[in-house]
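Enquirer: Here it is, the structure in full.
The values are calculated or read from the model by the stated rules, or taken from the named source; none is laboratory data. In this text the structure is predicted, and so the values were computed from the model without any measurement. Cβ atoms come from the backbone with ideal geometry, glycine included; neighbour counts cover every protein chain shown.
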Amino acid sequence: MSLFFNFSVGNKVYNANKIENTTQYLYKDNNMAAEVADRWKWFDNNGVKVNDPTALAALNANTTMWTPPGGQYILHSYGIEDGSFLRLNNVTLGYTLPTGSLEMIGVKNFRLYATVNNLFVITKYSGFDPEASTRRNPLTPGVDYSAYPRSRFFVTGVDITF
């Protein structure tokens, strides 16, 4: 059996996806992250703009987020997250039959094995992968912007020596 872990403690990741999904950009009807549902509101449920400060305060009594800005995305500390993690990168489990058990049929060695890569990652990071870099430039570690998460894959095999 073989286990390969890697980890990082104390690094920060700029989650640009989080910024993009909480900004209206150029469109007022695009989908946004669920946390934006608790944003500061200027209009009541009937679509009427609230101008009275007391009514506005009552309407936004339990809000947890600002009104999403329109226009270009802006760099904001809201996107900076703790990127600490512990990842189990590789697990291999194998079994070799005792020597001599298959010699009568001409087999000197017989081994079965299975490997799983990227089995799990423990992190508080809200994105897909705390080790991400941007989609446009692989030389930007610590910036997560539309990067593909690491895939998990399985490998099995048989090693036979005649």
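Enquirer: What number of residues in the range 32-51 are among the small types (Gly, Ala, Ser) and modelled with pLDDT of 85 or more?
Expert: Filtering the range 32-51 for residues among the small types (Gly, Ala, Ser) gives 33-34, 37, 47.
Filter once more, keeping what is modelled with pLDDT of 85 or more: 47.
Residues that pass the stated criteria total 1.
Enquirer: Restricting the range 57-84 to residues that are of a type in the set (A, V, I, L, M), within 22 Å of Tyr125 (Cβ to Cβ) and assigned to a loop (DSSP other than H, G, I, E, B), which is modelled with the lowest pLDDT?
Expert: My answer is Ile74.
Enquirer: Please work out if Arg87 is surrounded by 13 or more Cβ atoms within 10 Å (Cβ to Cβ), modelled with pLDDT of 90 or more and of a type in the set (D, E, K, R).
Expert: yes
Enquirer: Are there any pairs with C-beta distances below 6 angstrom linking a residue in the range 36-54 that is surrounded by 12 or more Cβ atoms within 10 Å (Cβ to Cβ) to a residue that is among the aromatic types (Phe, Trp, Tyr) and assigned to a loop (DSSP other than H, G, I, E, B), with the two at least 6 apart or on different chains, and if so which?
Expert: So the pair list comes out as Trp40/Trp66.
Enquirer: Condition first: in a loop (DSSP other than H, G, I, E, B) and among the aromatic types (Phe, Trp, Tyr). Now tell me which residues in the range 116-162 satisfy that. Reasoning before the result, please.
Expert: In the first step, residues of the range 116-162 are kept if they are in a loop (DSSP other than H, G, I, E, B); the result is 124-132, 134-140, 142, 145-152, 162.
Within the range 116-162, Tyr125, Phe128, Tyr145, Tyr148, Phe162 qualify.
Enquirer: To continue, here is another question. Thr54 - would you say it is among the polar types (S, T, N, Q), assigned to a strand (DSSP E or B) and either in contact with a Phe, Trp or Tyr (Cβ under 8 Å, 6 or more places away or on another chain) or over 21 Å from Gln24 (Cα atoms) (or both)?
Expert: No; evaluated as a whole, the condition is false for this residue.
Enquirer: Kindly indicate the residue of the range 125-155 that is at pLDDT below 80 and among the basic types (Lys, Arg) and also surrounded by the most Cβ atoms within 10 Å (Cβ to Cβ) among those meeting that condition.
Expert: So the residue we want is Arg135.
Enquirer: Working carefully through the options Ser126, Ser146, Ser133, Ser101, find the one that is without any contact (Cβ under 8 Å) to a residue 40 or more places away in the chain and closer than 30 Å to Asp82 by Cα. Full working, then the answer.
Expert: Details: Ser126 fails: without any contact (Cβ under 8 Å) to a residue 40 or more places away in the chain; Ser146 fails: without any contact (Cβ under 8 Å) to a residue 40 or more places away in the chain; Ser101 fails: closer than 30 Å to Asp82 by Cα.
None of the other options fit; the residue is Ser133.
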